[in-house]
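Novice: Attaching a single structure in structure tokens format; questions to follow.
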């Protein structure tokens with residue numbers, strides 16, 4: 001292809017009355033192309049992997065995951081408290097403050113002895 | 001190598017798969033759009049190592065911001081916007097670098113030397129375009145790249161570069177007269 005032809009095309013591509021998409025295509029047909037070197041895609045993927053980016057996970061998905069973990073911990077905690085109350089109820093046969101504190105079977109003297117060491 | 005199964009997938013499917021952590025789906029997005037990014041980045045920065053790095057940064061930034069992509073615009077336009085912004089940043093960085101290291105008595109940013117070729121046939125079409133662009137004033141280079149290499153209309157160029165349409169038109173006219181002079185020497 002004549003270089004003068006290409007030069008004319010370059011100049012005419014900037015005319016206001018030309019169709020830019022059409023001249024762009026004609027330039028490409030004349031061999032004008034810009035590309036990255038071979039293996040560009042692999043290099044991008046490697047760079048992403050090397051930088052440890054995990055942001056691909058949607059922000060909403062991260063929020064959802066945190067919420068699920070929170071609910072699971074909360075439900076586990078409530079279940080543990082209920083099991084504790086049931087076991088106290090079964091062992092102490094009452095549900096008073098003393099039984100909750102584990103003091104129902106202790107005499108006052110024992111407590112004073114425990115606290116003072118005498 | 002990206003499997004053929006990704007080639008039939010739509011943009012939305014690839015975006016969703018990438019958000020689910022599918023690297024190969026993102027690889028397909030890169031593969032489909034790298035030519036467009038290369039035209040913008042290499043058109044503005046030249047065929048340099050910097051341009052390859054900026055191209056890479058475009059897709060890394062895309063990966064980081066993929067969750068913010070709402071699909072209001074088409075993915076290529078979104079990628080193109082990132083490419084333009086990062087390329088402009090690189091041009092600013094180069095300008096700062098040159099303003100520090102260029103000689104005081106030569107305030108203008110030096111342009112690439114136009115090398116004369118003995119054998120016209122040896123000149124590759126892309127190289128002629130690239131050399132012509134690199135000898136253009138950078139602010140004209142941007143509008144020329146968008147129009148000549150990407151095929152954008154004046155309005156699309158104005159939107160992409162956040163410039164008024166009138167500015168784009170006047171820059172194109174000035175770029176055209178500069179290019180005439182540059183191409184005479186190539």
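Novice: Which residue, B:171, B:96, B:141, tops the fluctuation ranking in a GNM of chain B built on C-alpha contacts under 10 Å?
Specialist: Ranking B:171, B:96, B:141 by mean-square fluctuation puts B:96 first.
Novice: Right, another one. Over the Cα atoms of segment A:3-51, what Rg and Dmax result, in angstrom?
Specialist: 16.9, 48
Novice: Projected area of segment B:1-74, taken from the Cα convex hull and averaged over every viewing direction, in nm²?
Specialist: Mean orientational projected area (segment B:1-74, Cα hull): 5.3 nm².
Novice: At what distance in nm do the modelled label points of residue A:64 and residue A:49 sit from each other, each positioned 7 Å from its Cα along Cα→Cβ?
Specialist: 2.7 nm
Novice: Per the Debye formula with a single identical scatterer at each Cα and no solvent contribution, what log10 I(q)/I(0) holds for chain B at q = 0.08, 0.09 Å⁻¹?
Specialist: These q points yield log10 I(q)/I(0) values of -0.31, -0.39.
Novice: Considering chain B as a Gaussian network with a 10 Å cut-off on Cα pairs, which listed residue, B:138, B:164, B:76, attains the greatest mean-square fluctuation?
Specialist: Highest fluctuation of the listed residues: B:164.
Novice: Using a Förster distance of 22 angstrom, determine the FRET efficiency expected from the C-beta separation of residue A:8 and residue B:48, and round it to 0.05.
Specialist: Computed FRET efficiency for residue A:8 and residue B:48 comes out at 0.20.
Novice: Rounded to the nearest 500, what is chain B's calculated 222 nm mean residue ellipticity when only DSSP H runs of at least 4 contribute -39500 (n - 2.57) each, over all residues?
Specialist: It comes out at -21500 deg cm²/dmol, rounded to the nearest 500.
Novice: For the pair residue A:38 and residue B:69, how long in nm is the line joining their label points, each one 7 Å along Cα→Cβ?
Specialist: Using points 7 Å along Cα→Cβ, the separation is 2.8 nm.
Novice: Let me confirm one metric for peptide A:9-21, namely the mean number of other chain beta-carbon atoms within 10 Å of its residues' beta-carbons.
Specialist: Per residue, the number of nearby Cβ atoms from other chains is 6 on average.
Novice: First check a/c for the protein assembly as shown, with a ≥ b ≥ c the square roots of the eigenvalues of its C-alpha gyration tensor; if it is under 1.5, answer rounded, and if not, answer prolate when a/b is larger than b/c or oblate otherwise.
Specialist: The shape class here is prolate.
Novice: If each of residue A:101 and residue B:98 carries a label point 7 Å out from its Cα toward its Cβ, how far apart are those two points in nm?
Specialist: Roughly 8.3 nm, to one decimal.
Novice: Separate question: Picking from B:55, B:43, B:35, which is most flexible by a Gaussian network model of chain B using Cα springs under 10 Å?
Specialist: B:35
Novice: Nearest 0.05, what FRET efficiency do residue B:139 and residue B:159 give at R0 = 22 Å with Cβ-Cβ as r?
Specialist: On the way: r = 17 Å, r/R0 = 0.77.
Between residue B:139 and residue B:159 the formula returns 0.80.
Novice: If R₀ is 41 angstrom, what is the calculated FRET efficiency for the pair residue B:61 and residue A:16, using the beta carbon separation as r and rounding to 0.05? Please list the in-between numbers first.
Specialist: Values: r = 33 Å, r/R0 = 0.81.
Given R0 = 41 Å and the Cβ-Cβ separation, E is 0.80.
Any read-out appearing in this document is the output of simple, stated calculations on the displayed coordinates, not a laboratory observation. Small disclaimer: the values here were computed from a predicted structure and weren't measured. Note: ideal-geometry Cβ built from the backbone for every residue, glycine included; neighbour counts use all protein chains shown.
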